[in-house]
Every structure is written in structure tokens, then in C-alpha cells.
Amino acid sequence: MNTTSLAVSGMALPIPLSTFKTIEYMKNNQEFDVVIVGGSYAGLSAAMTLGRSLRSVLIIDSGNPCNKQTPHSHNFLTQDGATPEAISKIAKSQVLAYPTVQFLNDLVLSAIKTKAGFEVSTNSLNPIKAKKILFATGVKDIMPAIKGFSSCWGITVLHCPYCHGYEVAHKNLGIIANGVTAFDLCTLIQHWSDTLTLFTNGTSELNEEQNILISKLNIKVIETEISELNHENGLIKSVVFVDGTKQDVEAIFSRVPFQQHCEIPIQLDCKITDTGHLEVDFFQKTTIDGVFCAGDNTTPFRTVSSATSAGTKAGAFINMELLKAELPT
């Protein structure tokens, strides 16, 4: 068999010449085995798995990741401390080294189910046909109406101690939350710092039992409403209250509400969980046949490693479904 080679991470991979003919066909046609909507960690991971399975794959991404402000990513083997952008660039370059995978910088406008699979429309292409579709579109965080909060989000206003706790350990930390969420964060974050203040941003909704435990943890509770977060380029200096007083802090942990970044899976009748995530099984399959979802849109555990793992799983199972469909009858 005639072959050429493809350099991936310093290795020469034998690629049949017929594969390049397939790629040339893909450039002139808009039919793919799989369309992946969302080109971050989960989407790229799935694309690599599918590309290595010799599937024709199109990744469509609009270039608006939720972690675009985050200066460093942590707790991900081999990339600890790298920027999210740097990790994505490396991943994209490695994935697109496989000629079975293409990338389109565009916004998906709709997807409809057909007898043969799906038809996807974007700002620039209509229609793109696919046998399967994977949504790795993440979620959109909804910022509270506190001046400076969104500017500090991902920098010194943090959502995950496993991603960022080590870097702010033993510092003067705060929590902006109330009720059950406040209690959960207090019991979690107290492990990283002995100097911790809970800002309930209004009357506390903690019950007596919760207040007793928080007091035993030496966590100060301030109920005064917050006016703004005083910061410099996202580096928080203090919490400023409506009465003009302030409290110095070096970092804050908070959980904000979210919405699905892409509503097309909902329009396809994919089921949503009580927490607002897209419901998937172990293999990232939704409640609609042929539709898969992976990454932050399916789970509250928002880490690079979990998104990457979910993408790999989704890619492998999508290929298994395609293989079964191709078996002779």
C-alpha cells in the first residue's frame, strides 16, 4: 500500500495516500462522520480520538472560551501552570496534524435531525451534514451586579480551590456566597487558609447549626451589602461595602449561576438536569439518539482534566456507534 508520513509530536505516522484523497474530498464537500460544536478541551480531545479512528471530523468553534481571563491553569498533568490559551494551542496543533480533522472558526446557528443524521448551519456554511454531532460548548457564567466582580473573575475571584487554591493558600481569603452555598464553600475553603471571611452580601441565610460550625472554624461573617471589588487589572485589593467601609482580601472564592452557552441541544430536545446541565450517560450520550455532549455543559466539575477525559470517552463511543452502523446486514 502506498503511504506517506505525518509528523505528530516528533513521530512519523504512516498515512495511506488514499486518506489524503479523502481529505481533498472533504474540502469540496460538507459531509462528515462527526461535527463537533466547540473547540476547547473536550471538543479537541474528542476530535483527536475520532481523527485517529479515521473518521472525517469538523470542529466548529466561535473562539469565546469561558476561561479566557484565567492567567494560569493548574492540576492538569504535564501542563501545570500553563495558560489555558497555551494548552488549547498545543492541543489544536496536535489534533489538526491529523488530516482526518478540520477546523472552522465560525458560529453554529442551528442543527436539525434528519433521517441520515444531522444538518448543521453556521454563519458561513449551510448545510453541513453529519452522521453524529457532539456539543462541547461549555457554559456561560452569569456575573453578579457587583462592580469589579467580572473583571476579577478567573484571576482573583475563583470558582475552584483544586484549580487555584494552592496559589492563594494561607493568604487573606474571602467567600462571596449565602445560604447552603456559603456553608459548603466555608467548610471547603477553610482547608486552604486560616484567615477567611464570608461575605453574604446581605442578610445571612445560614441556619443556627451552620453558624455554630462556621464560628468554630473562626470564619468571620460580614452581612453588609457589597458595593464593589477594588482591584487593579483583576488583582483584588479589597471588598468595598455600600456604607463606605471596606475589608482587605487577596482572593475570593464564589459560585455564580450559569446558563448553557449553546441552546441548540435543548432545541433538539436533549434533556436538562435539575442543575441546568445537559443530561448524559457514562459515554456522554444525551437522551436524543446521535447527539453527544461533553465538558462543562454536562457537569459541575469544571476542570481541564475532566473535560479532556469526557471528550475522549465521547469520541470513542461515537466511533463505536458508527462502527456498528457500518456492519453488514
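Read-outs: derived from the displayed coordinates by stated rules, not from any lab. Note that the structure is predicted; figures quoted are calculated from it, not measured. Cβ placement follows ideal geometry from the backbone for every residue including glycine, while neighbour counts extend to all protein chains displayed.
Pulled fully out, how much extra length does the chain show between THR187 and GLU228, if you take 0.36 nm times their separation in residues and subtract their Cα-Cα distance?
Here the segment from THR187 to GLU228 would lengthen by 12.2 nm.
Consider the candidate values (i) -0.35, -0.77, -0.97; (ii) -0.25, -0.64, -0.91; (iii) -0.32, -0.79, -1.08; state which one is log10 I(q)/I(0) by the Debye sum over Cα atoms at q = 0.07, 0.11, 0.13 Å⁻¹ computed from the structure displayed.
Looking at log10 I(q)/I(0) by the Debye sum over Cα atoms at q = 0.07, 0.11, 0.13 Å⁻¹ for this model, the match is (i).
Can you grab the distance from the C-alpha centre of segment 254-308 to the C-alpha centre of segment 91-129, Å, no decimals?
19
What does the charge count around PRO265 come to, taking other residues whose C-beta lies under 11 Å from its C-beta (Lys +1, Arg +1, Asp -1, Glu -1)?
Residues near PRO265 contribute -2 overall.
Once R0 is set to 35 Å, what does the formula 1/(1 + (r/R0)^6) return for the Cβ-Cβ distance between LEU327 and GLN30, expressed as a FRET efficiency to the nearest 0.05?
That gives a FRET efficiency of 0.85.
Give, rounded to the nearest 20 debye, the magnitude of the charge dipole that segment 149-254 has about its Cα centre when Lys and Arg contribute +1 at Cβ and Asp and Glu contribute -1 at Cβ.
With Lys and Arg at +1 and Asp and Glu at -1, about 220 debye.
Sort segment 149-254 into rounded, prolate or oblate with this rule: let a ≥ b ≥ c be the square roots of the eigenvalues of the Cα gyration tensor; rounded if a/c is under 1.5, and if a/c is not under 1.5, prolate when a/b is larger than b/c, oblate otherwise.
Because a/c hits 1.5 or more and a/b fails to exceed b/c, segment 149-254 counts as oblate.
What FRET efficiency do you get for GLU167 and SER93 if R0 is 25 Å and r is their Cβ-Cβ distance, rounded to the nearest 0.05?
Result of the calculation: an efficiency of 0.35.
Report the calculated FRET efficiency for ASN105 and GLN247 (r = Cβ-Cβ distance, R0 = 45 Å), to the nearest 0.05.
0.55
At LYS220 and ASN207, where each label point lies 7 Å from the Cα along Cα→Cβ, what is the point-to-point distance in nanometres?
Roughly 2.8 nm, to one decimal.
Tell me which of THR245, ILE189, SER227 sits at the most positive position along the dipole axis of segment 149-254, charges placed on C-beta atoms (Lys, Arg +1; Asp, Glu -1).
Selected residue: ILE189.
By the scheme Lys and Arg +1, Asp and Glu -1, what is the net charge of all other residues having a beta-carbon under 12 Å from that of LYS237?
-3
Please report the net charge: other residues with Cβ closer than 14 Å to the Cβ of ASN126, K and R +1, D and E -1.
Once all neighbours under 14 Å are counted, the net charge is -2.
So for the pair LYS129, LYS113, with labels modelled 7 Å out along Cα→Cβ, what separation do we get in nm?
1.9
Over the chain, what is the mean sequence separation of C-alpha contacts under 8 Å (at least six apart), divided by residue count, expressed as relative contact order in percent?
With pairs under 8 Å counted, the relative contact order is 20 percent.
Placing +1 at every Lys and Arg Cβ and -1 at every Asp and Glu Cβ, with all other atoms neutral, what dipole size does the chain have around its Cα centre, in debye to the nearest 20?
For this selection, approximately 1180 debye.
Can you order the peptides 296-304, 202-210, 282-290, 44-52 by their average number of other Cβ atoms within 10 Å per residue, highest first?
Sorting 296-304, 202-210, 282-290, 44-52 by mean packing, highest first, produces 44-52, 296-304, 282-290, 202-210.
Choose one of TRP153, PRO71, ALA314: the residue whose Cα lies farthest towards the positive end of the charge dipole of the chain (beta-carbon charges +1 Lys, Arg; -1 Asp, Glu; about the Cα centre).
The one lying farthest along the dipole's positive direction is ALA314.
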